[in-house]
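What follows is a set of notes on a single structure, which appears directly below.
Read-outs: derived from the displayed coordinates by stated rules, not from any lab. None of the values given here were measured: they were computed from a predicted structure. Here the Cβ is made from the backbone with ideal geometry for all residues, glycine too, and neighbour counts use every protein chain on show.
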Amino acid sequence: MKKFHIRPMPEPISEPVKQRLAEVETATVGHFRHWGFMDARIQALGHTKRLVGTAVTLALPAQDSTLLHHTLGLLKPGHIVVIDRLGDRKHACWGGGVTNAAHKAGATAAIIDGMCTDPLEIAELQFPVWCRGISPITTRIYNLGGMLNYPVSCGGVAVNPGDIILADENGVLVIPPDEVEEVADAALAKQARGIENIKKIHAGATLGNLSGATKYVELDAGV
């Protein structure tokens, strides 16, 4: 039986899709969509960048990073590495050496459902990483196996290779490619309304009146 299950690499994100989502905030999408968001404990590692890319999915068992090292040679600009650590919360599969290789390949970012190491080195390279925390205990080349570009679970969300990842300081969102337009349209319209509401608040309007909250309270109080 094969140890490594490998499927072809997805096409990197297209420029039109990238531009469409470039101004969208995950928190805006969270106002009207309640699925596709990774566990809030997967946090940006010392940065506030917002990035969009195409998911390259990996499933890595325990202390083994054999398949990750191989995958680093296949990455292209626009790819975001999404790693399912299969429940491991002890071993850091991503550190300085891996970051250098991903950065050299032009990859956009990495999302790890587990631990990282070498945060200062990662910061110096300005390579965006989202993870669950820091660990000094690292993975090694143990040849245990793994999966590349199969459906995985990351932060409690199903991620398929080729899915679109939107990640910022608020969290990580997974969007199927055929839903990007719908999500972008709704988010950009909501953000535009938000800007107008802020202008109205500065001009003297109250948030309760703008949102409709005051109307509900007054109706309940019989005002």
statement: By the C-alpha gyration tensor axes a ≥ b ≥ c (rounded if a/c is under 1.5, else prolate when a/b exceeds b/c, else oblate), the shape of the stretch 13-92 is oblate
field: Extension gain, Asn160 back to His103 (0.36 nm per residue minus Cα-Cα distance, nm)
entry: 18.3 nm
task: Report the calculated FRET efficiency for Ser211 and Asp39 (r = Cβ-Cβ distance, R0 = 25 Å), to the nearest 0.05.
output: 0.30
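Return a whole-number percent for the relative contact order of the stretch 4-177, with Cα pairs under 8 Å and 6 or more residues apart as the contact set. Kindly include the intermediate steps, with their values, before the conclusion.
Numbers: 433 pairs, mean separation 61.6, N = 174.
After rounding, I find 35 percent.
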message: Just to compare against my own numbers: the Cα pair-distance distribution for the chain, 5 Å bins, whole % per bin, please.
response: 1, 7, 14, 17, 18, 13, 9, 6, 5, 4, 3, 2, 1, 0, 0
query: Where the centroid of each part is defined by its Cα atoms, how far is the stretch 127-186 from the stretch 17-42 in Å?
result: 13
message: What does the extension gain come out to for Glu11 and Glu179, with contour length at 0.36 nm per residue minus their alpha carbon separation?
response: 58.8 nm
- prompt: In terms of Cα to Cα distance under 28 Å, which lysines are near enough to Lys215, apart from those fewer than 8 places away along the same chain?
  reply: Lys190, Lys199, Lys200
- prompt: What residue among Ile141, Ile112, Ile80 has the largest mean-square fluctuation in a Gaussian network model of the chain, using Cα springs under 10 Å?
  reply: Ile141
field: Rounded to 10°, Cα long-axis angle of helix 96-105 versus longest principal axis of the chain
entry: 80
message: How tilted is helix 180-202 with respect to the longest principal axis of the chain? Cα atoms for both, answer in degrees (0 to 90, nearest 10).
response: 40
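Mind putting a number on the dipole of the stretch 4-177 about its Cα centre? Charges go on the C-beta only, +1 for Lys and Arg and -1 for Asp and Glu, and I need it in Debye to the nearest 20. Before the final figure, lay out the partial values.
Numbers: 14 positive and 15 negative charges, 38 e Å.
In total the dipole reaches around 180 debye.
Contour minus end-to-end for Ala192 and Ile137, with contour as 0.36 nm per residue of separation and end-to-end as the Cα-Cα distance? Before the final figure, lay out each step's value.
Details: separation 55, 0.36 × 55 = 19.80 nm, distance 4.55 nm.
Contour length minus Cα-Cα distance gives 15.2 nm.
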